[in-house]
Amino acid sequence: MINKDIIEKLKKKNNSIILAHNYQLPEIQDIADYIGDSLDLAIKATKNDADNIIFCGVNFMAESAKILNPDKNVILPDINAKCPMAEKVDKNLLEKLIIENKDAEVVSYINTTTEIKAISDICCTSSNGVNVIKSIKSDKIIFVPDKNLGNFLKKYIPEKEMIIWPGVCPTHNRIHKNHILNLKKLHEDAIILVHPECRSEVIEISNHALSTNGMINFVKNSKSNEFIIGTEKGLCYRLKIENPDKNFYPINSAICPNMKKITIDKVINCLLKNEPCINIEKTIMEKARVPLEKMMNIKRGD
Ligand code: 13P
Ligand code: SF4
């Protein structure tokens with residue numbers, strides 16, 4: 001049995017705050033001070049007085065929080081909680097692409113490592129991607145690393161050339177059209193919401209492609225009672241807590257194993273020891289802050 005009082009006491013003692021991504025395990029969402037999507041959590045990390053931010057998510061999220069708050073202790077409960085899509089981008093190959101396309105601006109999804117952000121012009125998340133891409137002055141864009149999100153964003157700027165990195169999120173790319181269509185056969189009236197990291201054929205049959213907080217807001221304001229949720233299954237926990245009278249139909253195989261590496265025991269360990277901390281070399285951190293801060297000045301699109 002988790003003693004929430006103990007967690008609260010430890011948080012107060014160390015002036016710590018717990019931020020949790022929407023995909024976190026239910027027991028982590030239950031003890032979080034704030035639950036949100038990538039953009040929301042990055043903003044939240046800059047707008048609090050805590051000395052220690054315990055970031056329940058994957059490493060690029062905790063790194064972004066550290067880049068934006070270099071003087072705070074940002075703690076990731078499991079340093080092996082890494083986004084495989086972010087990890088796979090080859091910096092040398094990207095640098096070569098940048099040299100070959102000197103007239104292009106580099107837009108990197110927040111799901112990238114610090115070293116990739118450091119050579120990017122601006123970052124984006126799934127919630128502000130459309131507004132970020134529309135803000136680009138150059139006629140050519142290099143978009144890294146998610147090809148599904150890149151192809152989704154490309155539709156908003158048909159007049160521009162977009163070189164899209166061939167990365168995918170394994171969890172979202174595993175969602176197939178048939179998963180959605182089979183659920184739709186069982187629940188004819190359900191609204192289909194999917195994440196823009198899904199394959200284009202999945203996005204095409206959806207009603208809306210939204211970030212995770214975009215889905216939370218859509219459901220809250222919708223008159224419908226049934227929703228097919230085409231993203232990591234963990235989002236359905238928060239959806240159900242906030243909308244107990246509505247029904248959600250997840251894709252049962254859509255689980256991000258890295259998000260699930262964060263457990264209550266590991267969080268308690270962080271509260272006791274104030275580690276493991278995110279440490280980033282100063283020069284690279286300063287370079288990576290530029291595209292992140294540029295992104296923060298652009299509003300959400302959902
Ligand atoms: P959101 O910013 O929409 O929460 O997405 C983050 C992510 O990693 C999706 O897989
Ligand atoms: Fe990365 Fe996909 Fe997991 Fe999001 S769901 S953290 S993009 S692997």
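The values are calculated or read from the model by the stated rules, or taken from the named source; none is laboratory data. Everything numeric here is computed off the predicted structure, so don't read it as measured data. Positions of Cβ are generated from backbone atoms using ideal geometry, with glycine treated the same way; all protein chains shown enter the neighbour counts.
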Residue within segment 102-114 that is closer than 20 Å to K266 by Cα, within 16 Å of ligand 1 (Cβ to nearest atom) and of a type in the set (A, V, I, L, M) present: no
If you go through segment 251-273 one residue at a time, do you hit one that is acidic (D, E), away from ligand 1 (no atom under 16 Å from the Cβ) and either touching a Cys at 6+ places or on another chain (Cβ under 9 Å) or over 29 Å from I6 (Cα atoms) (or both)? no
Residue in segment 173-193 that is closer than 21 Å to I28 by Cβ, touching a residue at least 40 places away in the same chain (Cβ under 8 Å) and within 16 Å of ligand 1 (Cβ to nearest atom) present: no
Might you let me know whether segment 198-217 holds any residue that is surrounded by 17 or more Cβ atoms within 10 Å (Cβ to Cβ), within 16 Å of ligand 1 (Cβ to nearest atom), free of Cβ contacts under 8 Å to residues at least 40 places away in the same chain and polar (S, T, N, Q)? yes
Just give me the residues in segment 74-133 being part of a helix (DSSP H, G or I), of a type in the set (A, V, I, L, M, F, W, C) and closer than 26 Å to I262 by Cα, in sequence order. M85, A86, I116
Checking K266, K294, K299 in turn, the sole residue that is under 20 Å from the mean Cα position of the chain (by Cα), surrounded by 15 or more Cβ atoms within 10 Å (Cβ to Cβ) and not aliphatic (A, V, I, L, M) turns out to be K294
Looking at (1) more than 17 Å from T114 (Cα to Cα); (2) crowded, with 24+ Cβ neighbours inside 10 Å; (3) within 12 Å of ligand 1 (Cβ to nearest atom), can you tell me which one M61 breaks? (1)
Restricting segment 30-53 to residues that are of a type outside the set (A, V, I, L, M) and crowded, with 19+ Cβ neighbours inside 10 Å, the residue that is farthest from G129 (Cα to Cα): N52
How many residues are at pLDDT below 95 and within 16 Å of ligand 2 (Cβ to nearest atom) if we restrict to segment 42-55? 1
